[in-house]
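Values quoted throughout were computed directly from the atomic coordinates according to the rules given, and no laboratory measurement underlies them. Since the model is a prediction, treat every value here as computed from it, not as a measurement. Backbone-built Cβ (ideal geometry, glycine too); neighbour counts: all protein chains shown.
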Amino acid sequence: MANYISVPRDFSKVKSKVCFNLTKRQLICFSLGAMIGVPTFFLIKRLGNVTVATLGMMISMMPLFFLAMYEKNEQPLEVFLEHFIDATFERPKKRPYITQNYYALLAKIAELERKIKTDDKTFSKDRQKEKRPGKRSGKHSL
């Protein structure tokens, strides 16, 4: 009987493991969790029993474990939370659909061009109407 190993087709999703089959990010977060959780355990153990101390240690370590392990759409937790907070609280709720109407822009340009042509025609007609003294009118400038 043959054993098959599934090989991912997209190698960009494969993460390099550093130690104990954990990524560098996971190792850092677990180490920070242990550095926070173990002293918390011993501090709570002085005040109460071992069960309460264990629960306190777990509660203090869970956010870092969640930070190390959670990933959605190939984004770590802090990036996902940043996008979520930005979309929920910082951006306005109603965002109107506003586009740049290129047809209106082209129509405005065509109107301006027509206006310029008519101005040029009236300017040239006005110039033709002006008569220079002395040439056709029979009046001399002297």
Starting from the Cα of residue 83, step 7 Å along the direction of its Cβ; do the same at residue 71; then give the gap between the two resulting points in nm.
1.4
Is the shape of the range 18-90 best called rounded, prolate or oblate, per the rule: a/c under 1.5 gives rounded, else a/b larger than b/c gives prolate, else oblate, with a ≥ b ≥ c the square roots of the Cα gyration tensor eigenvalues?
oblate
Place a point 7 Å from the Cα of residue 12 along the Cα-to-Cβ direction; which residues of the range 57-94 have their backbone N under 17 Å from it?
72-76
Using +1 on the beta carbon of Lys and Arg, -1 on that of Asp and Glu, and nothing else charged, what's the dipole of the range 21-107 about the Cα centre, debye to 20?
200
Once the Cβ-Cβ distance between residue 38 and residue 90 is put in as r, and R0 is 41 Å, what FRET efficiency do you end up with, to the nearest 0.05?
0.65
Within the range 1-89, list the GluC sites (Glu not before Pro) lying in a DSSP loop whose Cβ has at most 13 other Cβ atoms in a 10 Å radius.
74
For residue 109 and residue 25 in one chain, what is 0.36 nm times their gap in residues minus the Cα-Cα distance, to one decimal in nm?
24.6 nm
